[in-house]
Amino acid sequence: VLSRYQGLLERNVFLALFLTMLTGTGGNAGNQSSALIIRGLSTGEIDASNSHLVVMREVIASSVIALMLATAAFARVLLTKGAPLQMGIVIAVATYATVVFAVAGGTIVPLFLQRLGLDPCNLSSPMLATLTDIMGVLLLCVVSTAVLEPGAL
């Protein structure tokens, strides 16, 4: 992903400053969701009959949490000396999208693994971390291109 957007990152160095914040935030949100789902599966609170409701609940909750985190990310960018307003918008939108994706993934991956007969405890975290990192970087690059270099899309 990074090699495809190398020119964008070279022209907008501020993006690199916030990349770890973005992927870390997404990873933390996804892992928290995954832990809740795995616990629910192990206690029997979550099963095939209500898993679709759990997914919906988590995605709705993640939208609210993501909005708060995106607002904090926007403020953090604006506190960085020399950061343009557009950079704050890019980081905020990418944070929002990454957190919603991460929570959805943290909810769906354990459910999917259990449905396949695999232990979600052993596989969810590495799979989720990889997916969230890749998607977070991709979302940041796509949003950055759309906002900072709209002709490049």
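Using alpha carbon coordinates only, what is the Rg to Rh ratio of the range 1-118, with Rh defined as the Kirkwood radius?
1.09
Charges only on Cβ, +1 for Lys and Arg, -1 for Asp and Glu: so what's the dipole of the chain about the Cα centre, in debye to the nearest 20? Display every interim value, and only then the final one.
Values: 7 positive and 7 negative charges, 59 e Å.
That gives a dipole near 280 debye.
Label points 7 Å out from Cα along the Cβ direction at Leu2 and Ala72: separation in nm?
Calculated label separation equals 2.5 nm.
Probe radius 1.4 Å, ligands and nucleic acids ignored: give me the carbon and sulfur share of the accessible area of the chain as a rounded percent.
With neighbouring chains kept in place, the figure for the chain is 68 percent.
If the chain between Arg115 and Leu17 were fully stretched, how many nm would it gain, using 0.36 nm times the residue separation less the Cα-Cα distance?
Extra length from Arg115 to Leu17 when fully extended: 31.4 nm.
Considering only protein heavy atoms, what per residue accessible area in square angstrom results for the range 1-77 with a 1.4 angstrom probe?
58
The values are calculated or read from the model by the stated rules, or taken from the named source; none is laboratory data. All figures in this text were calculated on a predicted structure; none of them were measured in a lab. Please note: Cβ atoms are built from the backbone with ideal geometry, for glycine as well, and neighbour counts cover all protein chains shown. To get the accessible areas, we keep the full protein, side chains included, count just its heavy atoms, and leave off ligands, DNA and RNA. Shrake-Rupley method; radii C 1.70, N 1.55, O 1.52, S 1.80 Å.
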